[in-house]
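One structure is given here, and the rest of the page talks about it.
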Amino acid sequence: MIVIDKTPFEKINDDKKVRLFYQQLQTMVELCSSDHSEDTLEKIAAFSKEYSWSSHGYALLGITYSKRSFFDAALTNLQKALLLSPIDETALTCFRALLQDRGRHGDGITILERCISINPTDPTIWQQYWQSVKSITYEKYTEATASRFIKILKKNNLIRPSQIISAIINLLEKKQNLVEISRIETQSSFNSELERVISVLLETPLFLKIIEVCPIPNIIFEILLRRLRKAFLLHDDLETPNDNYLALQCSLALHCFTNEYIYGEDKEETQKLEQLEKFISDAVSEDRIPPWRHIACIASYRPLNNFHWSRNLTVPAHMANLFIRQVHHIDYEFSLRGSFPSIGTITEDTSLAVKEQYEDSPYPRWVNIGILQKSMTIPDIINLVGIRTLPHELDQSSQPQILVAGCGTGQHAIEAAVRYAHAHVTAIDLSVSSLSFALRRTKELNIKNIKYLHGDILDLTSLETEFDVIETTGVLHHMKEPMLGWRILKERLKPKGLMRVGLYSSIARADLSEIKEKMGELEKPITNQKIHDYRNKILDNAGREFAKLARYPDFFSTSELRDLLFHVQEHTFTLMDIKKMLRELDLIFCGFETVDEKTKEVLSADELGLESLYSLDAWHNFEQLNPHYFSGMYSFWVQRTY
């Protein structure tokens with residue numbers, strides 16, 4: 001998709017010349033997009049020469065060269081475009097893709113870093129940057145790179161932290177002194193070197209920042225954090241005021257709250273915690289202020305909102321964030337529980353069981369989100385994600401109706417509300433706890449175009465609204481009868497409406513199925529303690545089960561691990577199953593979302609060529625050879641035919 005920036009140019013002061021420039025620019029865009037004319041390259045080169053002060057001409061010339069496989073010329077012109085306009089989104093996207101395709105990741109990142117230094121407040125550049133670094137392998141740790149990651153994380157809603165956590169871990173693994181303290185062999189040795197450990201962590205602000213906002217899917221760093229938490233509780237003098245130690249304890253407590261205390265606690269820790277809780281409770285009841293390090297230590301094992309005394313303290317500024325997230329947010333969510341209209345009474349047995357699971361463990365618990373993006377029309381989104389649809393009329397100025405079926409804690413609904421231009425979003429979920437979390441975050445982000453509903457997909461027949469797009473990711477496979485739910489959703493689509501669907505792959509999740517079978521049924525109810533006990537058993541054995549499970553980020557958060565291994569209802573599918581289901585539903589497969597270039601190249605190598613991208617048979621053959629490709633889930637688009 002080629003984007004034209006309509007920002008007025010200082011170089012043109014004549015209105016007629018401005019109109020002429022944009023007319024010619026539009027013609028060049030059309031030429032570049034269609035590329036039918038034999039003299040396209042010559043015409044665009046002439047345009048870029050005439051308007052040499054404009055980035056657009058060089059960007060279009062670079063794209064045209066790229067299409068003709070003149071990669072050096074393409075890179076030269078795209079670089080000229082970016083030097084003139086560091087926020088030219090089209091040039092950035094093409095330039096980054098070209099460099100990555102040619103194995104020049106470092107050069108691409110260097111250009112983006114230059115763009116950041118020129119215009120550090122533009123979210124487009126930062127998005128391009130994190131997209132470039134999220135899969136990179138760093139050879140060494142540098143403070144400059146760490147600093148840029150911190151800046152990304154401080155732009156609270158630029159991205160989901162989970163999107164760059166792998167890159168950050170990869171970078172931190174190259175920091176020698178951090179690696180050294182992570183490899184201390186025993187808790188006893190760790191305790192004796194606690195001062196050195198704390199010193200290293202305090203001089204690694206990226207580590208402290210990322211643990212505050214995201215679970216850490218790395219077992220080495222998990223062991224470090226577990227030992228640190230235990231050392232503070234059992235082996236450090238918490239009575240001694242120390243602002244540096246307290247700051248570190250607060251970061252640790254926020255981390256443990258975010259991963260929902262996945263580390264659990266042993267008997268020695270439980271006994272000490274009970275003593276500490278009593279000490280704090282007695283102090284507050286006697287109007288004494290307990291040492292703040294005691295409270296931070298408790299908060300790294302159990303959420304502060306569990307304790308009545310947490311509402312009776314005058315909290316200092318340096319503890320405010322901890323209390324906001326562990327006390328005030330949860331209290332606010334509780335106050336919102338009656339805010340959702342209901343579309344019916346949930347009565348189906350499986351729906352009730354799923355509801356109970358998510359009331360206990362709202363999923364997922366998140367801190368930041370990726371919403372600093374441009375809103376797009378539905379045709380623009382279709383173009384961006386690379387799917388193929390039936391021709392259908394859509395008023396570009398309309399206000400599309402979007403349904404998010406199974407919205408959970410709101411990430412999906414909020415991103416849809418920002419992504420679709422002028423949209424009205426309806427979001428439904430079984431869980432009041434999840435909806436309360438979602439509504440709190442929606443209010444905090446000042447998003448006005450989402451209506452949350454409490455209810456079951458099975459009751460959507462009571463809605464009169466028809467939707468332009470329905471998005472249901474990771475939901476249908478948790479229903480007793482996925483086909484029934486899918487059929488109900490289809491009936492809520494407008495003629496030729498689109499649906500984005502996420503379903504679990506039987507092939508990709510074969511390892512999980514094997515683990516579940518070996519694990520057997522845990523005695524009901526499934527409590528957090530049982531989940532932690534099972535996880536610790538896996539960690540202690542460090543065998544094949546651990547190797548398989550550690551590949552999943554879900555292994556590092558309580559509600560996500562519950563969802564991964566202990567869900568009350570789960571189906572998986574093959575692409576041949578989905579093909580059959582689509583035939584029965586009379587839905588057309590439009591393609592998987594945002595397929596990477598390497599996969600496109602592999603798929604299009606057979607006799608079908610690019611048609612393979614829209615063939616479930618071709619994708620099934622591909623998955624047989626690449627069984628972990630859909631380890632998250634199948635994420636694809638379908639369209640109603642009438």
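Tabulated values for the structure
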{"quantity": "Heavy-atom accessible area ranking, 1.4 Å probe, most first, across Arg337, Arg293", "calculated": "Arg337, Arg293"}
{"quantity": "Rounded percent of accessible protein surface that carbon and sulfur make up, the stretch 311-377, 1.4 Å probe", "calculated": "55"}
{"quantity": "DSSP-loop trypsin sites (Lys or Arg not before Pro) across the stretch 97-163, with at most 12 other Cβ within 10 angstrom", "calculated": "Lys140"}
{"quantity": "Compactness relative to 2.2 N^0.38 Å, alpha carbon Rg of the chain", "calculated": "1.04"}
{"quantity": "Ranking by accessible area, most exposed first, for Thr240, Thr558 with a 1.4 Å probe", "calculated": "Thr240, Thr558"}
{"quantity": "Net lengthening on full extension, Thr110/Lys516 (0.36 nm per residue, minus Cα-Cα)", "calculated": "141.6 nm"}
{"quantity": "Spherically averaged projected area of the stretch 420-470 from its Cα convex hull (nm²)", "calculated": "4.0"}
{"quantity": "The chain - charge dipole about Cα centre, Lys and Arg +1 at Cβ, Asp and Glu -1, debye rounded to 20", "calculated": "940"}
{"quantity": "Proportion of all alpha-carbon pairs of the stretch 330-484 beyond 25 Å (%)", "calculated": "31"}
{"quantity": "In the stretch 19-98, chymotrypsin sites (Phe, Trp or Tyr not before Pro) in a DSSP loop with at most 12 other beta-carbon atoms within 10 Å", "calculated": "Trp53"}
{"quantity": "Size of electric dipole in the stretch 561-642: Cβ of Lys, Arg +1 and of Asp, Glu -1, about Cα centre, debye, nearest 20", "calculated": "240"}
{"quantity": "The chain: angle of helix 89-101 to the longest principal axis, Cα-based, in degrees nearest 10", "calculated": "80"}
{"quantity": "Kirkwood estimate for the stretch 111-251, i.e. one over the average of 1/r between Cα atoms, Å", "calculated": "16.2"}
{"quantity": "Of Gly344, Met376, Leu248, farthest towards positive along the dipole that unit charges on Lys, Arg, Asp, Glu beta carbons give the chain", "calculated": "Met376"}
{"quantity": "Unit charges at the beta carbon, dipole of the chain: most positive-side option, His567, Gln271, Val418", "calculated": "Val418"}
{"quantity": "Test item: Cα-centred dipole of the stretch 90-249, Lys/Arg +1 and Asp/Glu -1 on Cβ, debye", "calculated": "700"}
{"quantity": "With Cα atoms, 0 to 90° folded angle of helix 575-585 axis to the chain main axis", "calculated": "70"}
{"quantity": "Solvent exposure, largest accessible area first (probe 1.4 Å, DNA, RNA and ligands not counted), of His477, His318", "calculated": "His318, His477"}
{"quantity": "Listed residue (Ile150, Gln187, Ile169) projecting farthest to the positive dipole end of the stretch 149-198, Cβ model", "calculated": "Ile150"}
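The values are calculated or read from the model by the stated rules, or taken from the named source; none is laboratory data. From a predicted model like this one, the values you see are computed outputs, not experimental measurements. Note that we place each Cβ from the backbone using ideal geometry, even for glycine, and neighbour counts take in every protein chain shown. Ligands, DNA and RNA are excluded from the accessible area calculation, which covers all protein heavy atoms including side chains. Shrake-Rupley method; radii C 1.70, N 1.55, O 1.52, S 1.80 Å.
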